[in-house]
Amino acid sequence: MQAARLPNPGPAIEAPQAHPKPEPLLELRAVNKTFGSVTALSGLEASVASGEFVTVVGPSGCGKSTLFNIVAGLEEPDAGGILRFEGKSCHSADLLGRVSFMPQRDLLFPWRNVVDNAILALEVEGMPRDQARAKALRMLPEFGLAGFEKQYPNQLSGGMRQRVALMRTFLFERDLMLLDEPFGALDALTRAMMQRWLLDVWQKYRRTILFITHDVDEAIFLGDRVLVMTARPGSVKLEQVVDLPRPRRPEIVTSQEFVRLKRTLLDAIEEESMKSFQSSIAQEKTP
Amino acid sequence: MQAARLPNPGPAIEAPQAHPKPEPLLELRAVNKTFGSVTALSGLEASVASGEFVTVVGPSGCGKSTLFNIVAGLEEPDAGGILRFEGKSCHSADLLGRVSFMPQRDLLFPWRNVVDNAILALEVEGMPRDQARAKALRMLPEFGLAGFEKQYPNQLSGGMRQRVALMRTFLFERDLMLLDEPFGALDALTRAMMQRWLLDVWQKYRRTILFITHDVDEAIFLGDRVLVMTARPGSVKLEQVVDLPRPRRPEIVTSQEFVRLKRTLLDAIEEESMKSFQSSIAQEKTP
Amino acid sequence: ADLQKASLRLKWLPQAQFAGFYVAAAKGYYKAEGIDLTINPGGPNLLTENLVATGADSFGLSGGTDSVFAARDKGLPIVCIGVSHQITPFIFVTRKDGPVKTIQDFKGKTVTTWFTGANHVLNGMLAKEGIKPDELKIQPQQVSVTPFVDGNVDVITATYYNEYYSIQSRMPKDSLKIFVAEDYGITFPRDTLIVAEATAKEKPELVKAFLRASLMGWKDAFADPKGAVDTVMAAAPTLDRAQQEFMLTEVKRLMTAGTAAKNGMFWIDADAVKTAHDFFLKYGVISKPVDLAAAYDASFIQSIPAADRLP
Amino acid sequence: MSSPAATSLGDGRAAARSIAMPDSLRKLIRLLVGLAIAAMIWEGAVLLFGIRPYYLPRLSTILTAMAATPRAYVDGFLRTLAETLIGFASGGAFGVLMGVAFFRVRALREMIFPIFVVSQTIPVIAFGALVVLWFGNTLLAKAIIAFYLTFFPVTVNTLLGLETVDPRQVDLMRSFGASNRQLLLRLQLPTALPQIFVALRLAASLSLVGAIVGEWFGDTTGLGVLLLQAMFTENVVAIWAALLAAALLGTGFYAVVAAVERRLVFWNAEQ
Amino acid sequence: MSRALASPSLAVQRGILGAVLLVACWEGAARGLHLPAYVLPAVSDILAGLWSKRATLIDAAGYTLLEALVGYGLGCLIGIGLAVAIALAPALRTAILPLATAINSVPVVGYSPLILLWFGIGVSSKIVMVAMAVSFTILLSMLAGLDRVDRRAVDLMKSFGASRFGVLWRLRLPTALPLLLAGMRVSTVRSVIVAIVTEMLGAHGGLGWVIYQAVLQIDFVQVWAAIFVASAASLAFFGLIGFLERKILFWT
Ligand SMILES: Nc1ncnc2c1ncn2[C@@H]1O[C@H](COP(=O)(O)OP(=O)(O)OP(=O)(O)O)[C@@H](O)[C@H]1O
Ligand SMILES: Nc1ncnc2c1ncn2[C@@H]1O[C@H](COP(=O)(O)OP(=O)(O)OP(=O)(O)O)[C@@H](O)[C@H]1O
Ligand SMILES: Cc1ncc(C[n+]2csc(CCO)c2C)c(N)n1
Ligand SMILES: [Mg+2]
Ligand SMILES: [Mg+2]
């Protein structure tokens, strides 16, 4: 938690291999996951250092959410794989309540107003409501939600809902945050706003973030490192370090550096997504 | 319909003004549209030449769908504006059944299989089912749907559903096609596939297309011309000719030319979307 | 071929209480009289007087003198053309070894009865003994006799032909004590045959024909009770035969009691009717005196030879 | 697509079929086994705990009683079934019709819908005598009572279903130049179908209630008659017998409606 | 288009117009055709009868409403309890659900003879009947509501370390509320009707009992007066639950 943010690591590393840092916060080694006859993950290797912002891209159905479920404690990987958290080997279930997880949709509870949605995790932890609310109220302005505490989700725009969901995740103060396509449902322009804002907030709180996205621009714009996953069964195909300076300005997306990184990533993804596209069509023929 | 595709027009034109071609297929002059107290469009000027592929970008709520509804015959513009189609001035309602319209979602009917969804418009026109089905079956392979004719929408992936919706639109053979964010619901990778495929199909059928998107990359990649709309009340802020050669390869998105166009468009959009973002937040505070 | 269509609405579902009508229908006596008769059963929420008054049914076997008075009182244009049960068909039953020895002992006890006329008979009996109704707990009686058998009720109302049988089948007959209305000077004839005023006026021959056929049916029923029960059970196969046979025996006794012993079935005993009328008037069941001559027309039954009326 | 995909497709279908056949059979067997177990528990419990027949007779006693007069139960079953079906069909049709009319003509809806609501607060049994008065001792009278109970939920759900139609789909159809009739038949009614079937399942049970209650107004055959007869002769075995027959009819009819629903509303099934 | 323009007051006006038309037709038919009371009494006569018998009718309505409310409350508790039990112990589902569906597809009136035999003709038999009718509806709608929960939301709660009970309390119950309340709203009218129907088969009092007695006394004005009261009571109960529903489900 207190670990300073890592300096940007070296240039792109072409093959999946261990991250060089000595004591990663999260480490996965040879992780497999099968659902019945479907192999979702196969020999997945990854590690995340404290304070790092790692983004994950990969074709639809490659196992990104499965990976997150494992790390969030919701799904046990197949026997044999190694899962290490804060240096200690552990089961997936041990991580329940120990990482702060934000799923693909905002999943706000429509019967709770902004504050009460934000403090959901704190309530589950057993913190008295008043205390939790006071804490959330102090955080509202930073999330651009000042004055909205009493509003209900159906009164909010998509961008604001997403900020509430993020606030709920931030309030659940854990060493590792998992964000599964948090901006997937937003239109491209709102999305761009949210990306910039997320970087600001992250800059301030310095949490470790693992972030799934389908958008290569987003992956590069946000991440210290981008993991490209193979088509199913998923594993890490490419680990691309993003050595763009921070804080990052919106204009960066048309910079030489950025475009070069994008090219590299797109080439890798292209290959995988063609694979997955083909196989998905073949699969759907047997409903 | 038979008009040859236009050669790529000249360089970017910085201010909204009439398109130079002599006989545009569709022309809108000083079009306004108000809903009660909300002014959705104000002084909108645009024209589309036969065979052209025009893309439209603009902040959420700026009136893009309203523009489409007017052109599709579903919504009458306020009195005073001029609407010309195939050179003749007309009312919006006159266009019902005369342009081929694909709304923001695929809107497939879940109780119809692929073929029957595709022939919906033909059925409405009164074509006998057998004949319509035979026609659709011949088109299936081109849309990557061969062998799927008997499948129901819930058995299809998002990309395939979108192709069925597009096929429905193509089968409704009209001079002008309106596509309202056809790929908005797809993930970025599937989306890239669909863009390339759409260009192939368009190349072959040479329909005139007006295409809404939120994604600047998409707008540039597909269009002969990009219209950037202002925040509400909507009008055309910028008309950007895209002088990239066709056929366009995926790699084009990291080309110098492309990135330069993207910069221009992003700057224009940035300005408008900030406006719309601000006003939407201000609005939501009074639910 | 030119049979006249007509229907008979019963006061309840098919059972031996109505055996004669079923026998007459089965043996074609109505047809022989030129009537194509449909027998419509009654139900818990149907009022025979109502259905006959509106012309929905041509004939009715309705509740009794009480309901005929009430109907006339409310202006329903119906006429009684015959009375089936000549004496009060129900009694009040208690346990011989229980606390109730005389009617005086009803005080403070739980008594259940039907609020369809039987309650007035009970009140009349109590009044004769100088007991006020609020001195005991009078409750509506449910379908089941179980509360009495289980000892939760001290006195229960029972028809001779139905509930009394049920009670006897669950506890010995000699363990029961009964109170009979006639012992207190009250007679309450029930099961009345009715027609609409219009029918009586315009189709006297139809009414007579109906009565002739019905009487033949009843005579046959009493002559061959087993066969009659067979006929009834053809219409309602799930009934209990022993109970139906008992019912037919008891019904015969009720139909041939009093002046009917001499005058035959469906005889209208003007005196009994008048007594009942005055009784109901006294207890406010009817608001004003009823024109008895208009309400009870004995001419039809009297027009039939006495021999045909006697079982 | 690719040939491996084609083979896997063939395999998948063949496999699905070879499993599907015994699957429906297995379901039937499981149902029968379940019923047999329930019957054994019933019989056993009565014997074991010495439950008084007054509360619960042995199943075998009930079945014996039914077997003694099979015609009464078969005729009653068929008669009640006929009333139920007529009431259900007419109530369903009228319900859909009114739903469409209310959807199309808002003024009509605002005028009549509240009356429909009020009508449903009146227990049929309270005015059943009127129905007999007006329609006599006919099948029609019973069917009308069943109809009265049936049509309202169907109207409500038809209306609800029609109102869930995506306006964008309506726009799409209109942009194709569709007429109101085409709009109704090709879009609105199919969209409402799942909702309509939810009501029809409910109506299946309600029309049976209507038929049985209708038979309490002076009828000669039917499960309602048997029930009433048994109730007033305090014949617990006969009550149970009539109840079992009604249960068979109720569950059977419900299952048929649900099966038709699964067939017609195939697209709504989960997965 | 007309939808957007129609103001609620216009809707109310039309509703009133419809009611007035109905009453006028009724009154006109009864008076114009000289229908006798035993065929169809005029509305004005019914209202007059209602007023003159108001004491009896209010008593009876109180009696019936008591049965309906107690039975309703009991039925809700049983239905919700069973649904929650199934939610907490899914193994119960295969045992309870087929049985519940089967019992539910048999008309409630079918059970009335047995219930009357077992529980007598007092209030308890009505309460039991109402509770039965209500509990099945509630069980099925509550279960449908509990099952409607988004799996991803459950995962989210679990990732916060929530227990099965925590998920139920904070997520599944609120999710089920809309369907539960819809079921509860529908059940209001049903509970009053079932109480009345059972009363008509044997009772010590209540609107059903009044109707039964009035039929036998050939007092059809009173029959209709009781029906009016029953209808009003049902509507009031329905309105009350509908009102609570809108209050509770503020977010929908
Ligand atoms: N509980 C499960 N049971 C069976 N199969 C599953 C389960 N969860 C996931 N899968 C399968 O595992 C594969 C990976 O799924 P996952 O959701 O992890 O993909 P993803 O990369 O998150 O996809 P997307 O980008 O569409 O979100 C898919 O083929 C999916 O169908
Ligand atoms: N029928 C209507 N009644 C009232 N207001 C409307 C109506 N249709 C559109 N509007 C308003 O007009 C404005 C423009 O809407 P429109 O749907 O055209 O925007 P858009 O550019 O398509 O937005 P998006 O990118 O989110 O699809 C919005 O503020 C919207 O609320
Ligand atoms: C006078 C009189 N009243 C009630 C009954 C008993 N009974 C037979 S059928 C039935 C149902 C309601 O009508 C009742 C209570 C009777 N035999 N005689
Ligand atoms: Mg995922
Ligand atoms: Mg739009």
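The table for this structure:
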item: Subset of the stretch D:145-160 [farther than 16 Å from residue C:43 by Cβ and either without any contact (Cβ under 8 Å) to a residue 24 or more places away in the chain or touching a Phe, Trp or Tyr at 6+ places or on another chain (Cβ under 9 Å) (or both)]; result: D:146, D:147, D:150, D:151, D:152, D:154, D:155, D:156, D:157, D:158, D:159
item: Selection from the stretch D:94-120 of residues that are aliphatic (A, V, I, L, M) and more than 7 Å from every other protein chain (Cβ to nearest Cβ); result: D:96, D:97, D:98, D:100, D:101, D:105, D:108, D:117
item: Selection status of residue E:80, open to solvent by 70 Å² or more (accessible area, probe 1.4 Å) and not small (Gly, Ala, Ser); result: no
item: Wholly within the stretch C:201-304, helices (runs of 4 or more DSSP H) carrying at least 1 residues that are open to solvent by 20 Å² or more (accessible area, probe 1.4 Å) and of a type in the set (Asp, Glu); result: C:204-223, C:225-235, C:241-255, C:270-282
item: All helices (runs of 4 or more DSSP H) inside the stretch A:82-156 with 3 or more residues being more than 16 Å from ligand 3 (Cβ to nearest atom) and either more than 12 Å from chain E (Cβ to nearest Cβ) or of a type in the set (Asp, Glu) (or both); result: A:114-118, A:129-139
item: Of residues in the stretch C:171-197 being surrounded by 13 or more Cβ atoms within 10 Å (Cβ to Cβ) and farther than 14 Å from residue C:91 by Cα, the one nearest to the chain's Cα centre (by Cα); result: C:191
item: Complete set of residues in the stretch B:261-271 that are surrounded by fewer than 18 Cβ atoms within 10 Å (Cβ to Cβ) and either facing chain A (nearest Cβ under 8 Å) or touching a Phe, Trp or Tyr at 6+ places or on another chain (Cβ under 6 Å) (or both); result: B:263, B:270
item: Strands (runs of 3 or more DSSP E) wholly inside the stretch C:27-107 containing at least 2 residues that are free of Cβ contacts under 8 Å to residues at least 60 places away in the same chain; result: C:35-40
item: Pick from the stretch C:135-150, criterion modelled with pLDDT under 90 and not β-branched (Val, Ile, Thr), ranking: farthest from residue D:233 (Cα to Cα); result: C:139
item: Boolean, residue A:83 is in contact with a helix residue (DSSP H, G or I) (Cβ under 6 Å, 6 or more places away or on another chain), modelled with pLDDT of 90 or more and surrounded by fewer than 23 Cβ atoms within 10 Å (Cβ to Cβ); result: no
item: Residue that is nearest to ligand 5 (Cβ to nearest atom) [pool: residues in the stretch A:37-66 that are within 14 Å of another protein chain (Cβ to nearest Cβ) and open to solvent by 10 Å² or more (accessible area, probe 1.4 Å)]; result: A:60
item: Selection within the stretch D:121-132 - at the interface with another protein chain (Cβ under 7 Å from one of its Cβ atoms) and either surrounded by 23 or more Cβ atoms within 10 Å (Cβ to Cβ) or touching a residue at least 40 places away in the same chain (Cβ under 8 Å) (or both); result: D:123, D:125, D:126, D:128, D:129, D:132
item: Criterion violated by residue C:152 - all others in (1) within 20 Å of residue C:108 (Cα to Cα); (2) polar (S, T, N, Q); (3) part of a helix (DSSP H, G or I) satisfied; result: (3)
item: Any helices (runs of 4 or more DSSP H) falling wholly within the stretch E:145-252 and containing at least 3 residues that are facing chain A (nearest Cβ under 10 Å) and surrounded by fewer than 21 Cβ atoms within 10 Å (Cβ to Cβ); result: E:151-159, E:173-200
item: Of residues in the stretch B:196-211 being surrounded by fewer than 23 Cβ atoms within 10 Å (Cβ to Cβ) and of a type outside the set (Lys, Arg), the one nearest to residue B:105 (Cα to Cα); result: B:198
item: Lone unmet requirement of (1) more than 16 Å from ligand 4 (Cβ to nearest atom); (2) within 17 Å of residue B:103 (Cα to Cα); (3) over 12 Å from the mean Cα position of the chain (by Cα) for residue B:182; result: (3)
item: Helices (runs of 4 or more DSSP H) contained in the stretch D:171-271 and holding at least 3 residues within 22 Å of the chain's Cα centre (by Cα); result: D:189-215, D:223-232, D:236-264
item: Members of the stretch B:157-179 found to be open to solvent by 30 Å² or more (accessible area, probe 1.4 Å) and outside any loop (DSSP other than H, G, I, E, B), listed by number; result: B:158, B:161
item: Only listed residue being hydroxyl-bearing (Ser, Thr, Tyr), more than 30 Å from residue C:40 (Cβ to Cβ) and buried (at least 22 other Cβ atoms within 10 Å of the Cβ), chosen from C:88, C:113, C:94; result: C:94
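Quick grid of which residues meet (1) touching a Leu at 6+ places or on another chain (Cβ under 6 Å); (2) under 22 Å from residue B:171 (Cα atoms); (3) surrounded by fewer than 22 Cβ atoms within 10 Å (Cβ to Cβ); (4) among the small types (Gly, Ala, Ser):
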residue	(1), (2), (3), (4)
D:155	no, no, no, no
D:191	no, no, yes, no
D:194	no, no, yes, no
D:199	no, no, no, yes
D:203	no, no, no, yes
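The values are calculated or read from the model by the stated rules, or taken from the named source; none is laboratory data. This structure is a prediction, so every number in the text was calculated from the model and none was measured. A quick note on method: Cβ atoms are made from the backbone with ideal geometry, for glycine too, and the neighbour counts reach across all protein chains shown. The protein model used for the area step is the full one, side chains on, heavy atoms only, and it has no ligands, DNA or RNA in it. Shrake-Rupley method; radii C 1.70, N 1.55, O 1.52, S 1.80 Å.
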